[in-house]
Amino acid sequence: MAFIPYGRQSIDQNDIDAVVVTLKSDFLTTGPKVAEFETALCGVSGAAYTVAVANGTAALHLAALALLEAGDKVLTTPNTFLATSNAIRYANAEPLFIDIADDGNIDLDLCIAALEKDSSIKALFAVHFSGNPVDQQKLKAIKERFGIIILEDCAHAIGGYEGDVKAGSCRYSDASIFSFHPVKHLTTGEGGAVTTNDEALYKKLLLLRGHGMTREEFAFNDLAVDAKGNANPWYYEMVELGFNYRITDIQCALGLSQLKKLPSFIARRHEIAKAYDDAFASETVVRPLYPFKEGSAYHLYVVQIDFTKLTITKAELFAKMREKAIGLQLHYIPVYKQPYYRNSGYADLCLPKAEAYYDATVSLPMFASLSDEEQRFVIETLLTILHENRA
Ligand SMILES: *Cc1c(COP(=O)(O)O)cnc(C)c1O
């Protein structure tokens, strides 16, 4: 059997054909596929506006710049990829890491306690960890009671939902972001998007994506028109310090083709999650992070392992699985443990649940093209290693 990674893309001939069509068209970038992809993402999320960008980190960067001011205190989770809190830093704002709950998501009750104590907190950047959305009713309560800015990092959660609230819909938030990296549900190679229901925010994001340049609504007529009052056709103005965070039409053609398969991708991830849950139901050393949840998009399948009952360490488990050509992963090292954050004032921070979670968890292979046979091999191999190495 070929090496089984923890995550990978699922690309078929339709995806390849879609890219080839765009390669032969007039527009490789800034063409019609970008707008088509954005419209399709509005459909998937239910949000009114989408700005597709170069990657998920760029989406976070633009959203943070548009939403935050320098010095703002922002509640966020330590159990995420680096980019979530880095985006807060890009805006020269200050991440306040809040401990996690049992499901690996930020503990919103602790967020409420922090907001009660400190009225200067401006925002919350939440992550729907593993694809399992944070409690939307609590998010709503936080928005209504404290009026803070809320961003939802939906990099794990496209196609997920809680109750009637779809991930990325921004029902109780100001903006959401997606990532289309190959390990995520659907890929554009690299890619990302911001969704929002706020038209002014949408316009600001569009500006920031493209160098802060505009070709409409000029502020300075001295250069915009000639002596006879004719509009100068070459003229543009730069009104913000923006970036080139554009996504290409080639990428969006791939994204559109992938989006059609999102329901089947998620259905397959759900099958895999249920099969893992069943396999571990009677085990004492290994158990799912949370019991099967229909609204989770299952970007990751995380298990907690009781290493106190084993003679091997986590590194040894990783190595033994690797010998059998199975890739495990760990999501995530608490972000404040990174040297950059330790050197930026977080050296003494200790969030006990995030650290206990880090010690106990492992991510198992989870992707739509994982076959039943491969999954059975992962389960058997893992259980054999765990049983052979009991204390
Ligand atoms: C993948 C990911 C990102 C960053 O997305 P890129 O497209 O890799 O830049 C941000 N946040 C989370 C939670 C992610 O998993």
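When the chain is fully extended, how far beyond the present Cα-Cα distance does Thr384 get from Glu69, taking 0.36 nm per residue of separation?
Gain in length upon complete extension: 108.2 nm.
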- Accessible area per residue in Å² at 1.4 Å probe, computed on region 98-185: 34
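Over 27 Å between Cα atoms: which of Lys184/Lys324; Lys184/Lys309; Lys33/Lys73; Lys261/Lys314; Lys73/Lys143 fall into that group?
Lys184/Lys309; Lys33/Lys73; Lys261/Lys314
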- Say R0 is 45 Å: what FRET efficiency, to the nearest 0.05, do Ser344 and Arg376 get from their beta-carbon distance? 0.50
- Query: Hey, rough spin-label estimate for Asp359 and Asn14, points 7 angstrom out along Cα→Cβ, what's it come to in nanometres?
  - Reply: 4.8
- Message: Need the list of lysines near Lys228 for cross-linking: C-alpha distance under 29 angstrom, and skip anything on the same chain fewer than eight residues off.
- Response: none
- Message: Apply the Karplus curve 6.51 cos²θ - 1.76 cosθ + 1.60, θ = phi - 60°, to the phi angles in region 278-287 and return the couplings in whole Hz, x for Gly and Pro.
- Response: 4, 5, 9, 4, 9, 8, 9, 8, 10, 8
- Förster radius 41 Å - calculated FRET efficiency between Ala224 and Glu294, Cβ distance, rounded to 0.05: 0.15
- When the Cα centres of region 152-215 and region 258-285 are compared, how far apart do they sit, in Å? 25
- Message: Can you order the peptides 55-67, 357-369 by their average number of other Cβ atoms within 10 Å per residue, highest first?
- Response: 55-67, 357-369
- Query: From the backbone phi of region 149-162, what are the Karplus-calculated ³J(HN,Hα) couplings (6.51 cos²θ - 1.76 cosθ + 1.60, θ = phi - 60°) in whole Hz, Gly and Pro given as x?
  - Reply: 6, 10, 10, 10, 7, 9, 4, 9, 10, 4, x, x, 7, 9
- Zero-based 10 Å bins, Cα pair distances in region 294-347, whole percents: 18, 33, 33, 16, 0
- What is the spin-label model distance, in nm, from Ala267 to Glu316 if the labels are put 7 Å beyond Cα along the C-beta direction? 4.4
- Item | Within the accessible area of region 303-361 (1.4 Å probe), percent carbon and sulfur | 53
- Query: Going through region 1-64, which chymotrypsin sites (Phe, Trp or Tyr not before Pro) have at most 12 other Cβ atoms within 10 Å and a DSSP loop state?
  - Reply: Phe3
- Take the alpha-carbon centre of region 333-391, take the same for region 1-60, and report the distance between them in whole Å. 29
- Charge sum, other residues only, whose C-beta stays under 14 Å from Arg171's C-beta, Lys/Arg counted +1 and Asp/Glu -1: -3
- Item | Computed over the chain: relative contact order in percent, which uses C-alpha pairs under 8 Å that are six or more apart | 23
- Note on the structure: Scoring only Lys, Arg, Asp and Glu (+1, +1, -1, -1) among other residues with Cβ under 15 Å from the Cβ of Ile247 yields 0
- Item | GluC sites (Glu not before Pro) restricted to DSSP loop in region 287-346 with at most 11 other C-beta within 10 Å | Glu294
- Total charge of the residues flanking Arg145 in space, meaning their Cβ is under 15 Å from its Cβ, with Lys and Arg +1 and Asp and Glu -1, is 0
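Can you give the FRET efficiency for Asp278 and Lys309, using 1/(1 + (r/R0)^6), R0 = 22 Å, r = Cβ-Cβ distance, to the nearest 0.05? All intermediate terms of the calculation are to be shown ahead of the outcome.
Details: r = 21 Å, r/R0 = 0.97.
Efficiency, from the Cβ-Cβ distance: 0.55.
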- 1.4 Å probe accessible area per residue over region 350-391, in Å²: 45
- Item | Virtual spin-label span in nm between Ala48 and Met1, 7 Å along Cα→Cβ | 4.9
- Message: Using 0.36 nm times the number of residues separating Ala114 and Asn244, minus their current alpha carbon distance, what extension gain do you get?
- Response: 43.2 nm
- Message: Going by average Cβ density within 10 Å per residue, which order do the peptides 184-197, 160-173 take, highest to lowest?
- Response: 184-197, 160-173
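The values are calculated or read from the model by the stated rules, or taken from the named source; none is laboratory data. Bear in mind that the values here come from a model prediction, so they are computed numbers and not experimental data. Glycine also receives a Cβ, built like all others from the backbone with ideal geometry; neighbour counts cover every protein chain displayed. Note: accessible area is taken over every heavy atom of the protein model, side chains too, but ligands, DNA and RNA are not part of it. Shrake-Rupley method; radii C 1.70, N 1.55, O 1.52, S 1.80 Å.
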